[in-house]
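The values are calculated or read from the model by the stated rules, or taken from the named source; none is laboratory data. Quick caveat: nothing in here was measured; it's all calculated off a predicted structure. Methodologically, a virtual Cβ is constructed for each residue, glycine included, from the backbone with ideal geometry; neighbour enumeration extends over all protein chains shown.
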Amino acid sequence: MTKRVLLGQATSKRGGNSVYGLWVSKPDEGSTTYNVETCEDEDLLFDSTKPRHAQILASGTSNGNSFTVETKTNKRVMVFMGGNTNDYNAFGTIGTNSSIPATQTISGNTATITIPNGVKYMVTNIEAD
Amino acid sequence: MADDERVILGKKGSDYGLWVTKTGVSFTDNPTTKDLLFDSNVAETGGLVLKTGTTTFAFSGNQPNTSSSFVYYNLDGSNGSLGYIPMILFARVDGNNVYPFNTQHQWNMEIPHPSNPAADPGTSNGVMWDNYAQIYDDKFKIFATRWMQAGMSSPTVQPSYFNTTDAITIQYAVLAIGGATAE
């Protein structure tokens, strides 16, 4: 059976014996196996030593109202939206600026986010800057 | 639903692994994958972020096409292949503004004072294709095109009608998704 969960002291591939954490590797794919002690980083499902693990703070189809999410102080988070073929303002100013972009303003550890009405979105916990 | 048994590390049934349920769901509810925050039996997770950052590009002169530099994932320190093509999320950012990563835009505009009324149109309308990414197993690159049909019989580039000389910033997050379907 392939070792797929490592909790505690790291192997040399996972950072050496001075590192402690939790790692989970991908399940087997046919004859390809991913031993959590030796596999490449990109073949892990979870790695507690990485600075980022994406979670969705908010998602859905916007009603146009502002909402807030908690962030690190003065750090924006990454926001992604579905495309809109009527986005007139994708590159700078072109003609009538009928497109309303999403906005994200930071005050302390609070990000206030406004997504245009009807646009699908997800707000992640990934730091943007 | 109970909320008291939400993490299993070790044996679950005949399997071994790590499972975490969503809030409000207990393992006593016999949850399925849709009820889990983490399931070590699934082939991939969107949570593992391999790389994040921003890349930029800018148009020069009256050129309709441009691109960013290659961005290498570089997990191994030598720009090696991941062994699969990852999924990448993109968004254009400009200060507090966030835009979707669109590939096509339509517009209509009035040009109030054409410099040459005999040649320049008083209105402009058409379609512009803008940005897309080429994603490889070791790097990616953003390509962008500004192209407009300005009320004329054939497409033409009219840079004076664009305000796109500034660098355009694209934010990205490279996710460890793609390995399960790599060939």
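Against the definition (under 24 Å from residue A:54 (Cα atoms), crowded, with 16+ Cβ neighbours inside 10 Å and among the hydrophobic types (A, V, I, L, M, F, W, C)), how does residue B:37 come out, yes or no?
No; evaluated as a whole, the condition is false for this residue.
Say whether the condition of being touching a residue at least 12 places away in the same chain (Cβ under 8 Å), within 14 Å of chain B (Cβ to nearest Cβ) and assigned to a strand (DSSP E or B) is met by at least one residue in the stretch A:8-19.
Among the residues of the stretch A:8-19, at least one is touching a residue at least 12 places away in the same chain (Cβ under 8 Å), within 14 Å of chain B (Cβ to nearest Cβ) and assigned to a strand (DSSP E or B), which makes the answer yes.
When the test is whether a residue is surrounded by 14 or more Cβ atoms within 10 Å (Cβ to Cβ) and of a type in the set (Gly, Ala, Ser), residue B:78 does not pass it. Does any residue of the stretch B:56-66 turn out to be in the same structural domain as residue B:174 (by TED's automatic domain parsing), aliphatic (A, V, I, L, M) and part of a strand (DSSP E or B)? No, the conditions are met nowhere in the stretch B:56-66.
The rows are residues; the columns are (1) farther than 30 Å from residue B:136 by Cα; (2) at pLDDT 85 or above; (3) surrounded by fewer than 18 Cβ atoms within 10 Å (Cβ to Cβ).
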position: B:3; (1), (2), (3): yes, no, yes
position: B:11; (1), (2), (3): yes, yes, yes
position: B:16; (1), (2), (3): yes, yes, yes
position: B:56; (1), (2), (3): no, yes, yes
position: B:62; (1), (2), (3): no, no, yes
position: B:73; (1), (2), (3): no, yes, no
position: B:89; (1), (2), (3): no, yes, no
position: B:101; (1), (2), (3): no, no, no
position: B:116; (1), (2), (3): yes, no, yes
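When you look at residue B:136, is it out of contact with any strand residue (DSSP E or B) (no Cβ under 6 Å at 6 or more places or on another chain) and modelled with pLDDT of 60 or more, yes or no? Let's see the steps before the verdict.
Details: out of contact with any strand residue (DSSP E or B) (no Cβ under 6 Å at 6 or more places or on another chain): yes; modelled with pLDDT of 60 or more: yes.
Yes, satisfied.
Residue-wise test of (1) more than 7 Å from chain A (Cβ to nearest Cβ); (2) touching a strand residue (DSSP E or B) at 6+ places or on another chain (Cβ under 8 Å); (3) more than 21 Å from residue A:79 (Cα to Cα).
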| residue | (1), (2), (3) |
| --- | --- |
| B:42 | yes, yes, yes |
| B:55 | yes, yes, no |
| B:94 | yes, yes, no |
| B:100 | no, yes, no |
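Applying the condition of being in a strand (DSSP E or B) and under 16 Å from the mean Cα position of the chain (by Cα) to the stretch A:46-67 and asking which residue is surrounded by the most Cβ atoms within 10 Å (Cβ to Cβ) yields A:47. Out of the stretch A:20-45, which residues are in contact (Cβ under 8 Å) with a residue 24 or more places away in the chain, assigned to a strand (DSSP E or B) and surrounded by fewer than 21 Cβ atoms within 10 Å (Cβ to Cβ)? Hits for the stretch A:20-45 are A:21, A:22.
Listed here are the residues, each with its yes/no results for (1) touching a residue at least 24 places away in the same chain (Cβ under 8 Å); (2) within 9 Å of chain A (Cβ to nearest Cβ).
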site	(1), (2)
B:64	yes, no
B:67	yes, no
B:77	no, no
B:83	yes, yes
B:86	yes, yes
